[in-house]
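Novice: Sending over a structure as structure tokens; questions will come in a sec.
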Amino acid sequence: MAVATLTKAQSAGITLGVVLLIVGFLLIGAWLALAPLYAGFLLLWYFGSVDVLDAKALPALAIGAVAGTLTAWLLQAGVARAGAIGAVPALTVIVAAIFCQLLGRLPIAINRAYMLYVTVMAAPLLQRQERFDHVLLTIAVATLYFGGAVMLGRHLMARRRVVTA
């Protein structure tokens, strides 16, 4: 896919906007004592890079992120309770999810976002000390914040076009 060339002024304006958006999320994260913030920034990266800020894609992104995170939690809980054999239920869910994705079934939950989140959240380093209830809260706040910011920005740009027309 070809990327449109922006002027230096446009690039600087967009960069400033992204920095302000990130700072806003960091402030909200500090105010709400959210941790881990990386779960929210992962959502922002996906929303901006994969979904190209398409607000219609946000529900599937959020639901896929939550479903992937819950599957990773199932892996952590199973292993904590029963050792290696405790991973079997989560691995069964992951195999079923791959099968569903290949068939295009349940796309609201089993999608690329699901696969990204289950992959990241199942990483052994994260599994050791992650609080999945905190991850889910961060995903919810990030969805509302970043999705709301994009919708507000689009609304303001549409109003600006009407005024200048």
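The values are calculated or read from the model by the stated rules, or taken from the named source; none is laboratory data. Remember, predicted model here, so these are calculated numbers, not experimental data. Don't worry about glycine lacking a Cβ; one is built from the backbone with ideal geometry, like all the others, and counts go over all protein chains shown.
Novice: Spot the failing condition for D133; the list is (1) buried (at least 16 other Cβ atoms within 10 Å of the Cβ); (2) under 20 Å from L34 (Cβ atoms), and only one is missed.
Specialist: Every condition holds for D133 apart from (1).
Novice: Find the residue count for region 54-82, including only residues that are surrounded by 18 or more Cβ atoms within 10 Å (Cβ to Cβ) and either in contact (Cβ under 8 Å) with a residue 40 or more places away in the chain or aromatic (F, W, Y) (or both).
Specialist: Selection size over region 54-82: 17.
Novice: When the residues of region 117-164 are filtered to those that are charged (D, E, K, R) and part of a helix (DSSP H, G or I), which remaining residue is farthest from D54 (Cα to Cα)?
Specialist: So the first thing to find is which residues in region 117-164 are charged (D, E, K, R), and the list is 128, 130-131, 133, 154, 159-161.
Among the residues that remain, those that are also part of a helix (DSSP H, G or I) are: 128, 133, 154, 159-161.
Working: R128: 34, D133: 27, R154: 11, R159: 19, R160: 20, R161: 19 Å.
Selected residue: R128.
Novice: Sticking with this one: State which residue pairs qualify: first residue within 10 Å of A62 (Cα to Cα) and in contact (Cβ under 8 Å) with a residue 24 or more places away in the chain and inside region 128-145, second residue of a type outside the set (D, E) and outside any helix (DSSP H, G or I) in any location, beta carbons under 9 Å apart, and separation of 6 or more residues or different chains.
Specialist: If the second residue must be of a type outside the set (D, E) and outside any helix (DSSP H, G or I), the pairs left are A142/L34; A142/L37.
Novice: With respect to A97, is the statement that it is of a type outside the set (D, E), assigned to a helix (DSSP H, G or I), modelled with pLDDT under 95 and over 25 Å from L152 (Cβ atoms) true?
Specialist: Values: of a type outside the set (D, E): yes; assigned to a helix (DSSP H, G or I): yes; modelled with pLDDT under 95: no; over 25 Å from L152 (Cβ atoms): yes.
Taking the combined requirement at face value, the residue does not satisfy it.
Novice: Okay, next question. If you scan region 83-99, which residues turn out to be crowded, with 19+ Cβ neighbours inside 10 Å and either within 19 Å of the chain's Cα centre (by Cα) or among the aromatic types (F, W, Y) (or both)?
Specialist: The answer is I94, A97.
Novice: Here's another thing I want to ask about it. Hey, does region 101-111 have a residue that's in contact with a Cys (Cβ under 6 Å, 6 or more places away or on another chain) and surrounded by fewer than 19 Cβ atoms within 10 Å (Cβ to Cβ)?
Specialist: We begin by selecting, within region 101-111, every residue in contact with a Cys (Cβ under 6 Å, 6 or more places away or on another chain); these are 106, 110.
Within this subset, residues satisfying the condition of being surrounded by fewer than 19 Cβ atoms within 10 Å (Cβ to Cβ) are 106.
Yes, that holds for at least one residue.
Novice: In addition: Is one or more of the residues making up region 103-116 closer than 25 Å to A33 by Cα and in a loop (DSSP other than H, G, I, E, B)?
Specialist: Within region 103-116 (the criterion being closer than 25 Å to A33 by Cα and in a loop (DSSP other than H, G, I, E, B)), the answer is no, since none of the residues qualifies.
Novice: Out of G48, G29, which single residue is surrounded by 13 or more Cβ atoms within 10 Å (Cβ to Cβ), at pLDDT 95 or above and assigned to a helix (DSSP H, G or I)? Outline the logic, then answer.
Specialist: Values: G48 fails: at pLDDT 95 or above.
Testing whether each residue is surrounded by 13 or more Cβ atoms within 10 Å (Cβ to Cβ), at pLDDT 95 or above and assigned to a helix (DSSP H, G or I) leaves just G29.
Novice: Looking at region 124-158, which of its residues are more than 21 Å from G24 (Cβ to Cβ) and at pLDDT below 90?
Specialist: Taking region 124-158 first, the residues more than 21 Å from G24 (Cβ to Cβ) are 124-133, 158.
Listed by number, the residues that qualify are P124, L125, L126, Q127, R128, Q129, E130, R131, A158.
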